[in-house]
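Chemist: Here's a structure for you.
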Amino acid sequence: MTGLANKRILLGISGGIAAYKSAYLARLLVKAGAEVRVVMTQGAKAFIQPLTFQALTGHPVHDTLLDEEAEAGMGHIELARWADEVIIAPATADLLARLAAGMADDLLTTLCLATEAPIHLAPAMNQRMWSHPATQSNLLRLQGFGYQVIPPGEGEQACGDLGQGRLPEPEDLFAYLEALTTKATPAKDQPARGLTLLLTAGPTREPLDPVRYLSNHSSGKMGFALAEAAAQLGARVILISGPVDLPTPEGVERINISSAQELLDECQKRLQETDIFIACAAVADYRAADQSEHKIKKTSANDELTLKLVKNPDILATVAASEPRPFCVGFAAETREVEEYARQKLIRKKLDAIVANDVSDSAIGFGSDDNQVTLLYRPIEKPLTDAPIERLPLDRASKKIISQQLLKEICNLYYSAQDAK
Ligand code: C5P
């Protein structure tokens, strides 16, 4: 049996020629035991009849927002709450634009705003519409909101053009959803398959007034490299990132945040679904006690300005003390006594493992492409005790290679910890 059995899948369909493929997707999902409800936009109904989906899923299609009868049955908020996963296939350029603008002008866009379920978008459109900067910038914005984008395929299009913009085949969309929901036995090359990893990356910005903030030099490179490696190793990856200038790695669900408090809020929303939490973000330790409503002015009378700062929440320690508690991994960037400080943090924050990183060497520190780290972890048979900490030094290598090595080790530790329970 696949992980899709009894899963509640909300299938959204917008108005593109590829809508016919979604009928087959609905069929595959129902065959796998999923409960499927279909929501169509008005445009979608011009391409395929709602009756087709009603026959395939055994439920009437939802297509109107302000309909008394539909609201009396399963209202839009109820439908938004009902879903375990939302997939929109095809997602047209128009739908992406409306979602990116946060509009709620029909049932499907309203549901996307109202649901807490993960939303997966399978865009499909003419190749020029796909590559248009407006579409690409809408996609980036949507990824920033946490939407997962399933890249369209390349090839011949219904309009005769050649290029990117084809809706993936229904079997591929089905396999994508199946992989999300199946906790499979890990294959050797995909040790993270079936796991959900939550990662934090980049700096935070702590506003002082409407134009200024406190921050740090974190580039986010290590966190993004880890997110990419985790996705390649088969994990579902949710990356919560501070402001950085890096593209979202393929297959990674990205959420943009700015302050430490926002980072904590976004992490907490996702704990229920997280197996492994890796805190790579350089969170500002302090924020302004009072954020000034207006720009702080310099005056000729004052040569000095005193800012009152208060401590930010420790996101990693908060997650490690929460219930449910994922397997928790931290990073310790230090300039001296690196391993000793890392060891202390592992114990103080009640972590399962910590990556000790010497940032005094500019070749392996902030912003560089290489790294050299040591993984410190608790002996699996004695978790969260005073038993001596184990250490695994990794040779200097690119952040990409280090990330792959680290993730394989972290997955092994995670599975050993699960077995020991
Ligand atoms: O305490 P320190 O900042 O040195 O700890 C580093 C580790 O803790 C990193 O994994 C970092 O992402 C995490 N951290 C956090 N929230 C904070 C401070 C650090 O999650 N407020």
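Chemist: Just one of the numbered conditions (1) in contact with a Leu (Cβ under 9 Å, 6 or more places away or on another chain); (2) open to solvent by 20 Å² or more (accessible area, probe 1.4 Å); (3) touching a residue at least 24 places away in the same chain (Cβ under 8 Å) is not true of residue 381; which one?
Modeler: So the condition that residue 381 fails would be (1).
Chemist: May I pose another question? May I ask you to say which residue of 206, 262, 228, 253 is open to solvent by 40 Å² or more (accessible area, probe 1.4 Å) and either closer than 21 Å to residue 332 by Cβ or in contact (Cβ under 8 Å) with a residue 60 or more places away in the chain (or both)?
Modeler: Exactly one residue qualifies, and that residue is 228.
Chemist: Next question. How many residues does the stretch 271-280 hold that are closer than 17 Å to residue 351 by Cα and open to solvent by 20 Å² or more (accessible area, probe 1.4 Å)?
Modeler: 2
Chemist: Only one residue in 247, 243 is more than 14 Å from the ligand (Cβ to nearest atom), in contact with a Ser or Thr (Cβ under 7 Å, 6 or more places away or on another chain) and of a type outside the set (Gly, Ala, Ser). Which one?
Modeler: 243
Chemist: Would you confirm, using the coordinates I've provided, whether residue 402 is among the hydrophobic types (A, V, I, L, M, F, W, C), touching a strand residue (DSSP E or B) at 6+ places or on another chain (Cβ under 6 Å), assigned to a loop (DSSP other than H, G, I, E, B) and over 26 Å from residue 264 (Cα atoms)?
Modeler: no
Chemist: Check 306, 299, 335 and return the single one that is more than 30 Å from residue 173 (Cα to Cα), among the β-branched types (Val, Ile, Thr), without any contact (Cβ under 8 Å) to a residue 60 or more places away in the chain and within 12 Å of the ligand (Cβ to nearest atom).
Modeler: Within the list 306, 299, 335, the selection yields 335.
Chemist: Moving on. For the stretch 82-173, which fully contained helices (runs of 4 or more DSSP H) count at least 2 residues that are open to solvent by less than 60 Å² (accessible area, probe 1.4 Å) and closer than 27 Å to residue 241 by Cβ?
Modeler: Where helices (runs of 4 or more DSSP H) fall fully within the stretch 82-173 and carry at least 2 residues being open to solvent by less than 60 Å² (accessible area, probe 1.4 Å) and closer than 27 Å to residue 241 by Cβ, they are 93-100, 107-114, 133-144.
Chemist: Among the residues of the stretch 37-44, are any within 26 Å of residue 143 (Cα to Cα) and either open to solvent by 50 Å² or more (accessible area, probe 1.4 Å) or not assigned by TED's automatic domain parsing to the domain that holds residue 159 (or both)?
Modeler: yes
The values are calculated or read from the model by the stated rules, or taken from the named source; none is laboratory data. The shown structure was predicted, so the numbers you read here are calculated from the model rather than taken from an experiment. Backbone-built Cβ (ideal geometry, glycine too); neighbour counts: all protein chains shown. Accessible surface areas use protein heavy atoms only, side chains included; no ligands, DNA or RNA. Shrake-Rupley method; radii C 1.70, N 1.55, O 1.52, S 1.80 Å.
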